[in-house]
Amino acid sequence: MPIVMDDLFSAARVPEKLGPGALFLPGGAAALQEKLMTQVEAVLAQAPLRQLMTPGGRRFSVRMTNCGALGWHSDAAGYRYESCDPLSGKAWPPMPEEWITFAQECAAQAGFETFCPQACLINCYAPGARMGLHQDSDEDAPESPIVSVSLGVAAQFLFGGTSRTKRVRKVSLLSGDVVVWGGASRFNYHGVAPLGVDMHPLTGAYRWNLTFRRVTAEDSP
Ligand code: MD3
Ligand code: FE
């Protein structure tokens, strides 16, 4: 048998269920990438990227900011969502209406028809930046998925199981890829391998990730 592309590179670039409630939509945001990056720049003008501290006093290698009614924050006091940016004391920039609609369309494709995100966490990876294996458990909306959009330099995403010791699957996330993480996969361990030295026409050496999150129960305001 001849060897084909998929033997050398792992996965076909077609929609795929990565686990229960987890739907990979390769290129799901491909047509929106440039617009999204322009809108990210507008958010940064109001709420610049910052290197947060873990409660244990270590620095995240990823730089972050948020838009939406709530934003994720970390410092010595712990991980939490805040309605104002602790840097400025002002409300986070609003989430663009198109972002909300797009995140809802993605969630609906995975069967989450009532998703209404309150926060968009914006992560920026420079070469070498990484995110260790963790669970996202600072939200009080376990029924709601998280929708993630990757932009720029490709990364190896690590998708683990419900315990830290379960084996992890590596998934390449390219610019424009979308993943919906809900249902029984909502609390799976996950992380991002150190970003390589690479270039992307849209973002230069950087990778951006947008995660759309419900923080309080879906039937709350
Ligand atoms: C799987 N960000 O911000 S997004 C994070 O690429 C985070 O910046 C990564 O993990 C990034 O917390 C990964 C993909 C993601 C987000 C939430 C998940 C995957 C998930 C929740 C459960 C399982
Ligand atoms: Fe996470």
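Per-residue answers, yes or no, for (1) free of Cβ contacts under 8 Å to residues at least 12 places away in the same chain; (2) buried (at least 22 other Cβ atoms within 10 Å of the Cβ); (3) closer than 25 Å to residue 100 by Cα; (4) in contact with a His (Cβ under 7 Å, 6 or more places away or on another chain):
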residue: 130; (1), (2), (3), (4): no, no, no, no
residue: 137; (1), (2), (3), (4): no, no, yes, no
residue: 145; (1), (2), (3), (4): no, yes, yes, no
residue: 149; (1), (2), (3), (4): no, yes, yes, no
residue: 169; (1), (2), (3), (4): no, no, no, no
residue: 187; (1), (2), (3), (4): no, no, yes, no
residue: 193; (1), (2), (3), (4): no, no, no, no
residue: 197; (1), (2), (3), (4): no, no, no, no
residue: 200; (1), (2), (3), (4): no, no, no, no
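Taken together, the residues in region 76-100 that are touching a residue at least 60 places away in the same chain (Cβ under 8 Å) and aromatic (Phe, Trp, Tyr) amount to 2. Residues of region 202-213 being away from ligand 2 (no atom under 14 Å from the Cβ) and either surrounded by 15 or more Cβ atoms within 10 Å (Cβ to Cβ) or within 15 Å of the chain's Cα centre (by Cα) (or both), which ones? Once the filter is applied, which keeps residues that are away from ligand 2 (no atom under 14 Å from the Cβ) and either surrounded by 15 or more Cβ atoms within 10 Å (Cβ to Cβ) or within 15 Å of the chain's Cα centre (by Cα) (or both), region 202-213 yields 202, 203, 205, 206, 207, 208.
Against the condition away from ligand 2 (no atom under 16 Å from the Cβ) and not in a loop (DSSP other than H, G, I, E, B), how does residue 172 come out, does it pass? For residue 172, the condition - away from ligand 2 (no atom under 16 Å from the Cβ) and not in a loop (DSSP other than H, G, I, E, B) - is met.
The listed residues are 137, 148, 144, 163, and the only one of them that is more than 13 Å from ligand 2 (Cβ to nearest atom) and closer than 22 Å to residue 72 by Cβ turns out to be 144.
Each row is one residue, and each column tells you yes or no for (1) modelled with pLDDT under 95; (2) of a type in the set (D, E, K, R); (3) within 15 Å of ligand 1 (Cβ to nearest atom).
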residue	(1), (2), (3)
91	no, no, no
113	no, yes, no
130	no, yes, yes
174	no, no, yes
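For region 150-169, residues that are of a type outside the set (Lys, Arg) and either in a loop (DSSP other than H, G, I, E, B) or touching a helix residue (DSSP H, G or I) at 6+ places or on another chain (Cβ under 7 Å) (or both) total 9.
When residue 66 is tested against the conditions (1) closer than 16 Å to residue 130 by Cβ; (2) within 16 Å of ligand 2 (Cβ to nearest atom), the lone failure is (1).
The values are calculated or read from the model by the stated rules, or taken from the named source; none is laboratory data. Computed from a predicted structure; not experimentally measured. We place every Cβ from the backbone using ideal geometry, glycine too, and count neighbours over all the protein chains shown.
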